[in-house]
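Chemist: Encoded as structure tokens, here's the structure I'll be asking about.
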Amino acid sequence: MTKSYRHFDHKERTLIYWWRKENLSQREMARRLRRSHASISRELRRNLWCGLRYCPRGAQMLYDYRVQSRATRYRLKKVVKKGVKKGVKIIL
């Protein structure tokens, strides 16, 4: 059985924000979103804005930045591999 992963979307992040303001537990948030409580905990831990509070817009910006940097890193890795195969010296 394969696992499928879904990223939090803006709507879910906004719900987490409001529920957190209402002092709802992470487990209850997870039940309402039908997610693991660990996913909620990880989302809050990774995306604290300025290390202090959770902001859905800021969390989305951080997510977009991570996706972009991951894609750039992957493309760079492919270029380096091709250069190594051809015996080309690459200076970065």
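The values are calculated or read from the model by the stated rules, or taken from the named source; none is laboratory data. From a predicted model like this one, the values you see are computed outputs, not experimental measurements. All Cβ positions, even for glycine, are placed from backbone atoms using ideal geometry, and neighbour counts span all protein chains on display.
Chemist: Of all residues in the stretch 31-60, count the ones that are over 18 Å from W18 (Cα atoms) and within 12 Å of the chain's Cα centre (by Cα).
Modeler: Qualifying residue count, the stretch 31-60: 0.
Chemist: Specify the residue that is surrounded by the fewest Cβ atoms within 10 Å (Cβ to Cβ); the eligible residues are those in the stretch 41-50 that are farther than 15 Å from Y5 by Cβ and of a type outside the set (G, A, S).
Modeler: C50
Chemist: Could you say whether any residue in the stretch 35-49 is more than 14 Å from F8 (Cβ to Cβ) and either at pLDDT below 85 or out of contact with any helix residue (DSSP H, G or I) (no Cβ under 9 Å at 6 or more places or on another chain) (or both)?
Modeler: Looking through the stretch 35-49, at least one residue is more than 14 Å from F8 (Cβ to Cβ) and either at pLDDT below 85 or out of contact with any helix residue (DSSP H, G or I) (no Cβ under 9 Å at 6 or more places or on another chain) (or both).
Chemist: In the stretch 1-26, what count of residues is obtained for those that are without any contact (Cβ under 8 Å) to a residue 12 or more places away in the chain and over 11 Å from Y54 (Cβ atoms)?
Modeler: Residues flagged as without any contact (Cβ under 8 Å) to a residue 12 or more places away in the chain and over 11 Å from Y54 (Cβ atoms) within the stretch 1-26 amount to 12.
Chemist: Take R13 and decide whether it is more than 20 Å from G58 (Cα to Cα) and surrounded by 12 or more Cβ atoms within 10 Å (Cβ to Cβ).
Modeler: The answer is no for R13.
Chemist: Considering only the stretch 58-73, state which residues are without any contact (Cβ under 8 Å) to a residue 12 or more places away in the chain and under 14 Å from R13 (Cα atoms).
Modeler: Correct list: G58, M61, D64.
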